[in-house]
Amino acid sequence: MRLHHNEDMSLTDYENRVFGKAANWRTAAVKIDKELQICECLDVWTDVGGTVTASADATYFREGTTSAKLVLDTTLATGMVAYDTGSLADNDLSGGDYTHMAFEVRAKVAIAAGDFQIGLDDSATFNTAYGAGVRFVDVPAVPAFTTADPWYTVCVPLSGVAGVSGQLALTSVSSLGIWAIADQTGIENELYLDNFRLLRILPTGDEEITVPTIHSVGNTNGDTSRIDFLIFPFESSRLSSNAMPLAVELIPFRAAGTDAAQAGQWSSADAEQGHIELDAGDYLDDAPRSYTALAIKRATELTGVQKLCLEVVE
């Protein structure tokens with residue numbers, strides 16, 4: 001059923017008024033209305049030498065034609081690994097325009113949460129002294145790549161707190177790098193990095209939609225699509241969207257069982273419910289669903305005033 005309603009009124013408010021929905025129905029919504037690629041990883045990153053060898057790899061990449069490849073030998077302990085000062089968009093984070101940073105990772109050996117940190121610097125020359133004007137964000141646990149999961153998308157929230165984790169204090173992002181926090185001695189690893197993006201993701205509602213810090217959905221090698229993943233706070237009864245500003249593919253999932261307690265406990269083994277193709281200007285009709293998670297796939301990032309809006313109801 002296609003609903004026509006005042007754009008100033010949410011779909012939920014409209015349905016409550018027209019259909020008299022029960023007051024105990026819960027809603028969750030999300031808006032993605034800002035997106036900007038800051039590093040395409042076409043350049044060879046500057047490595048620390050000796051323990052790390054950097055190159056631009058044309059075999060394994062997600063965006064453009066190459067990724068940033070970093071070969072870490074067994075003598076690397078902790079400290080600066082490599083950095084990039086080229087091809088970055090110079091962006092002000094202090095205005096609150098962005099809430100998350102997303103990027104692609106491929107690892108030969110699994111890394112634990114916090115083993116590495118990504119540093120953002122407002123200097124055109126990355127400062128290799130830890131904490132000296134650089135703001136760091138933890139890289140979450142990343143499994144070793146497999147044929148089924150060759151890449152992982154990391155999406156980490158940006159922080160406004162003071163100190164080395166206060167990325168939102170930066171008035172620009174002119175360079176970025178990667179830092180080894182945990183001792184890597186004895187570990188021979190290969191890290192591939194690609195497609196660093198800034199996003200503003202705003203969840204609202206009775207219970208908030210979750211943006212997981214890592215996922216692997218459709219992340220095949222050479223697929224340049226942007227894919228963002230959302231976990232619903234409950235098993236959905238209805239799912240709807242505003243008109244899409246550009247063509248997107250919605251990839252919905254539901255928990256492996258029918259128990260509502262599994263809602264939000266998404267994994268890559270869960271049942272996929274079929275892809276939904278929406279062209280620019282299309283929107284998703286409000287209809288019964290049983291989803292617990294959703295991936296949004298698109299060919300390009302949002303520009304200007306474009307926004308993606310989704311609402312889920314239980």
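The values are calculated or read from the model by the stated rules, or taken from the named source; none is laboratory data. Values in this document were obtained by computation on a predicted structure and should not be read as measured data. Here Cβ is always computed from backbone atoms with ideal geometry, including for glycine, and neighbour counts include all displayed protein chains.
Here are the numbers for the structure shown:
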item: Number of the condition not met by GLY264 [criteria: (1) out of contact with any helix residue (DSSP H, G or I) (no Cβ under 6 Å at 6 or more places or on another chain); (2) not in a loop (DSSP other than H, G, I, E, B)]; result: (2)
item: Pairs, first among the aliphatic types (A, V, I, L, M) in segment 203-221, second surrounded by fewer than 18 Cβ atoms within 10 Å (Cβ to Cβ) and not in a strand (DSSP E or B), C-beta under 8 Å, six or more apart; result: ILE214/ALA141; VAL217/SER268
item: Residue that is farthest from the chain's Cα centre (by Cα) [pool: residues in segment 269-291 that are of a type outside the set (Gly, Ala, Ser) and part of a strand (DSSP E or B)]; result: PRO288
item: Selection count where residues are touching a Gly at 6+ places or on another chain (Cβ under 6 Å), part of a loop (DSSP other than H, G, I, E, B) and closer than 25 Å to SER55 by Cα, scope segment 142-180; result: 0
item: Single residue of LEU250, LEU199 found to be closer than 20 Å to ARG289 by Cβ and modelled with pLDDT of 90 or more; result: LEU250
item: ALA243 vs. criteria touching a Gly at 6+ places or on another chain (Cβ under 9 Å), farther than 23 Å from ALA144 by Cβ and in a loop (DSSP other than H, G, I, E, B); result: yes
item: Elements of type strands (runs of 3 or more DSSP E) in segment 23-72, at least 1 residues being touching a Leu at 6+ places or on another chain (Cβ under 7 Å), closer than 19 Å to VAL154 by Cβ and not assigned by TED's automatic domain parsing to the domain that holds ASP122; result: 27-39
item: Selection within segment 102-125 - at pLDDT 90 or above and surrounded by fewer than 16 Cβ atoms within 10 Å (Cβ to Cβ); result: LYS108, VAL109, ALA110, ALA112, ALA113, GLY114
item: Tally of residues being touching a residue at least 60 places away in the same chain (Cβ under 8 Å) and either of a type in the set (Gly, Ala, Ser) or not in a loop (DSSP other than H, G, I, E, B) (or both) across segment 292-306; result: 7
item: When residues of segment 272-291 are limited to those that are without any contact (Cβ under 8 Å) to a residue 40 or more places away in the chain and exposed (fewer than 12 other Cβ atoms within 10 Å of the Cβ), the one nearest to PHE253 (Cα to Cα); result: GLY274
item: Only listed residue being surrounded by 14 or more Cβ atoms within 10 Å (Cβ to Cβ), at pLDDT below 85 and among the polar types (S, T, N, Q), chosen from THR78, THR99, THR153, THR128; result: THR128
item: Pick from segment 236-252, criterion in contact (Cβ under 8 Å) with a residue 60 or more places away in the chain and farther than 16 Å from ASP286 by Cβ, ranking: surrounded by the most Cβ atoms within 10 Å (Cβ to Cβ); result: VAL248
item: The lone exception for ARG298 - which of (1) under 25 Å from LEU198 (Cα atoms); (2) touching a helix residue (DSSP H, G or I) at 6+ places or on another chain (Cβ under 8 Å) it fails; result: (2)
item: Residue tally, condition surrounded by fewer than 18 Cβ atoms within 10 Å (Cβ to Cβ) and either at positive phi or modelled with pLDDT of 85 or more (or both), over segment 253-263; result: 0
item: Failed item, numbered, when LEU294 is tested on (1) crowded, with 17+ Cβ neighbours inside 10 Å; (2) under 24 Å from ILE38 (Cβ atoms); (3) not small (Gly, Ala, Ser); result: (2)
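So that you can scan it fast, the table gives a plain yes or no per residue for (1) surrounded by 21 or more Cβ atoms within 10 Å (Cβ to Cβ); (2) hydroxyl-bearing (Ser, Thr, Tyr):
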site	(1), (2)
ASP149	no, no
PRO157	no, no
VAL161	no, no
LEU170	no, no
GLY177	yes, no
LEU191	yes, no
PHE196	yes, no
ILE201	yes, no
THR210	no, yes
